[in-house]
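Beneath this line is the structure, given in structure tokens, with notes to follow.
The values are calculated or read from the model by the stated rules, or taken from the named source; none is laboratory data. On a predicted model such as this, the values are computed, not experimentally measured, just so you know. Here Cβ is always computed from backbone atoms with ideal geometry, including for glycine, and neighbour counts include all displayed protein chains.
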Amino acid sequence: MNQVPARDHFIDLGDRESIYQPENKDLIFPRKPTFNNFAEERQHIKERLVAACRAFALEKFDYGFAGHLTVRDPEHPNLYWTNPMAVHFSQVTLSNLILADHEGNIHEGKHALNRAGFVLHSAVHEMHPDVVAMCHAHTVYGTAFASLAKPIEPISQDAAAFYEDHMILSEQAGLVAVEDNSGKMIAGSLEKVKAIVHRNHGLFTVSRHSIEAAAFWFIALERVCKQQLAVEATGIKPSFLSPQAARYSREHVGSEYIGWLHFQPIWGYLKENQPDMFA
């Protein structure tokens, strides 16, 4: 019988945030950045937002002009940066990002704002000041899975990252969110989770940590939706992790920090292979 550490099992991490961080601080390992001023932090955030869009392009998450990623400005929390309307994820750059407020006014940038993206994301950012970033795209497997209105099952360690950390949202199911009140209804239903399966619509992720975490967990969410659909297509009932095992795995592989850490190889690849994103 598989042994799961007891609930009171304690791992002494010292000053580390995760067991994945090496105890030897001289080893090469991604470190969370520090900033001297808002300008430095803003530049960092914008670069990672562009990288998140490029990562979505690598994953083929594009669907016409659908899909929007947002991150709160570090100095002006009532403003958020987002990708421009009708620009392919692979063509998003530093210079075409736009800065908008909760009313949909453009404060920086020349492109238009995605109306549906504004309605949904602005409502969430306004009603949930702890949410730093949010991602949404019309993906193949996530959209199909959303029609089932069922939760992600703990069929693997990857899926366990979302165990008791996602919700099924039925408000405005299937309706195109173009009216202000529809975004507020959805935002008002948001719980303290990192992932949302919006019935008959698709997937959303939110992060109270970073755009990197929101982007990676969106990629991971689409992946586990694909896996669950594939398993269910066999007609064979899968074995599930026990609640204790699922919670233990989520604790170690499903945190905001882990999402940020997972994004670092993606950032490294894009920085080296797509330098035009800094244009």
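Values for this structure:
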item: Any pair with Cβ under 8 angstrom, 6 or more apart, that starts in the stretch 91-102 at a residue that is among the polar types (S, T, N, Q) and ends at one that is part of a helix (DSSP H, G or I) and surrounded by 15 or more Cβ atoms within 10 Å (Cβ to Cβ); result: Thr93/Val50; Thr93/Met277
item: The stretch 95-106 - residue that is farther than 19 Å from Ile186 by Cα and either among the β-branched types (Val, Ile, Thr) or exposed (fewer than 14 other Cβ atoms within 10 Å of the Cβ) (or both) and, of those, nearest to the chain's Cα centre (by Cα); result: Ile98
item: Any chance Ala245 is surrounded by 18 or more Cβ atoms within 10 Å (Cβ to Cβ), in a helix (DSSP H, G or I), within 12 Å of the chain's Cα centre (by Cα) and among the small types (Gly, Ala, Ser); result: no
item: Residues satisfying the stated conditions in the stretch 67-88, i.e. among the aromatic types (Phe, Trp, Tyr) and free of Cβ contacts under 8 Å to residues at least 40 places away in the same chain; result: Trp81
item: Single residue of the stretch 221-242 satisfying the filter (of a type in the set (S, T, N, Q) and more than 25 Å from the chain's Cα centre (by Cα)) that is surrounded by the most Cβ atoms within 10 Å (Cβ to Cβ); result: Ser242
item: Residue pairs meeting the criteria (Cβ under 8 Å; at least 6 apart or on separate chains; first within 17 Å of Pro151 (Cβ to Cβ), in the stretch 197-219; second hydroxyl-bearing (Ser, Thr, Tyr) and part of a loop (DSSP other than H, G, I, E, B)); result: Arg199/Ser147; Arg199/Ser170; Asn200/Ser147; Gly202/Thr139; Leu203/Thr139
item: Ser122 being surrounded by fewer than 19 Cβ atoms within 10 Å (Cβ to Cβ), among the hydroxyl-bearing types (Ser, Thr, Tyr) and either in contact with a strand residue (DSSP E or B) (Cβ under 9 Å, 6 or more places away or on another chain) or over 21 Å from Asp62 (Cβ atoms) (or both); result: no
item: Given (1) under 26 Å from Ile258 (Cα atoms); (2) at pLDDT below 95; (3) of a type in the set (A, V, I, L, M, F, W, C), number of the condition Ala57 does not satisfy; result: (2)
item: Residue within the stretch 193-209 that is within 15 Å of Arg72 (Cβ to Cβ), in contact with a Gly (Cβ under 8 Å, 6 or more places away or on another chain) and not in a strand (DSSP E or B) present; result: yes
